[in-house]
Each structure stands twice: as structure tokens, then as C-alpha cells.
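Chemist: Handing you a structure now.
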Amino acid sequence: MNKSFLLIAAITFVTINLFSQPITNHQSPITIKDVWARPGAKNANSALYFVVQNNGSKADTILGAKSKYAEIVEVHESFKRDNDRMGMRQVKFVAVAANSKLEFKPGGFHVMLINLLKDVKAGTSLDATINFKFAGKIKVKAVVQDMPGM
Ligand SMILES: [Cu+2]
């Protein structure tokens, strides 16, 4: 077999594969999975955790979150204070790089649910919306539980 034959075979193979791909342009490349929230009593706080998967070739940005379960909903990051103790603070946005996975988890990014409007009990679920710059508002349903089992 000569080299030009192999090259043509390779180009043909790539072309067939390109055309057999499903068209997904109309769908959001952002998916949110493994959504869970800490239990909390009315007037106390809770936090929401999840995994953001960006399958797109374009970066996106989380601009905020909403939930009717809490008076105030903020996106927070955890950080180490000078005395080595952990603190947390609000962030105005969180970048989600192209073709990447970003985990919201204890000790890292989380959605803070401040002043719960009702008891949020383990074994129930909680609705929230995560707002992205490009993907728009994505609804999530969190499983309320203590630290999820590994
Ligand atoms: Cu927080």
C-alpha cells in the first residue's frame, strides 16, 4: 500500500465520522449532575453542591443561583484564612472552561442557601436554578443528604 492511498483512506474515514455525528448545536453543552444539599432547619443555612460538565468548545460562566427554599442564595468559594482556618466569601461569577468539569463541593465552590424558609430534611429534595452567561438558567433538583457516600 502506498502513502497516498493511506492518506485518502484516512480522509474518507474522518469525513464519514464528521457527517455521522448527531447535530447538537441547539442543545446546551452544559450539564449539571450529582446535585445534593445539606439538611438544614428553618432560619438556618444550607449549601448546594453539584458537578458542572461543559462539553462545549466555548467557556461559560456561572452568574448566580436562585431557590425558593431560601431568603438569600449566593455563590460562595471557600478559602484559607491567615490563621489556616477556612472561611468563605461570595463570588460574583465562576468560570467554567471549555471541555471541562467543575465540581462544587465542601471546602470549595458551593451555592449558599441563607436563611432557609422551611425545614430542609434529609431524604427530601430541593429545587434550584443555576444561571449561566451563555447556557442560561438550568434547573436542578438536589437530593438532601449529609455527606454523600463514596
Ligand atoms: Cu458559603
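Chemist: Across the range 30-144, what fraction of all alpha-carbon pairs, as a whole percent, falls in each successive 5 Å bin from zero upward?
Modeler: Reading upward from the zero bin: 2, 12, 22, 24, 19, 12, 6, 2, 0.
Chemist: So what is the relative contact order of the range 30-144, in percent, for Cα pairs below 8 Å that sit 6 or more residues apart?
Modeler: Relative contact order of the range 30-144: 37 percent.
Chemist: Additional query: Counting other C-beta atoms within 10 Å, which of MET147, MET88 has the fewest, and how do the rest follow?
Modeler: With the fewest neighbours first, MET147, MET88 line up as MET147, MET88.
Chemist: Can I ask one more? Of the trypsin sites (Lys or Arg not before Pro) in the range 65-150, which ones lie in a loop per DSSP and count no more than 15 other C-beta atoms within 10 Å?
Modeler: Here the sparse-neighbourhood loop sites are LYS68, ARG81, ARG85, LYS92, LYS118, LYS121, LYS133.
Chemist: Give the relative contact order (percent, whole number) for the range 85-150; include only Cα pairs under 8 Å separated by 6+ residues.
Modeler: Once divided by the residue count of the range 85-150, the mean separation gives 22 percent.
Chemist: Determine the sum of side-chain charges near TYR69: Lys and Arg each +1, Asp and Glu each -1, restricted to other residues whose C-beta is under 9 angstrom from that of TYR69.
Modeler: With Lys, Arg at +1 and Asp, Glu at -1, the net is +1.
Chemist: Work out the length of the dipole vector of the range 30-144 about its Cα centre, built from +1 on the beta-carbon of each Lys and Arg and -1 on the beta-carbon of each Asp and Glu, and round it to the nearest 20 debye.
Modeler: 200
The numbers here are math on the coordinates, done by the rules we state, and not lab data. Just so you know, these numbers come straight off a predicted model, no measurement behind them. All Cβ positions, glycine included, derive from the backbone under ideal geometry; neighbour counts span all protein chains shown.
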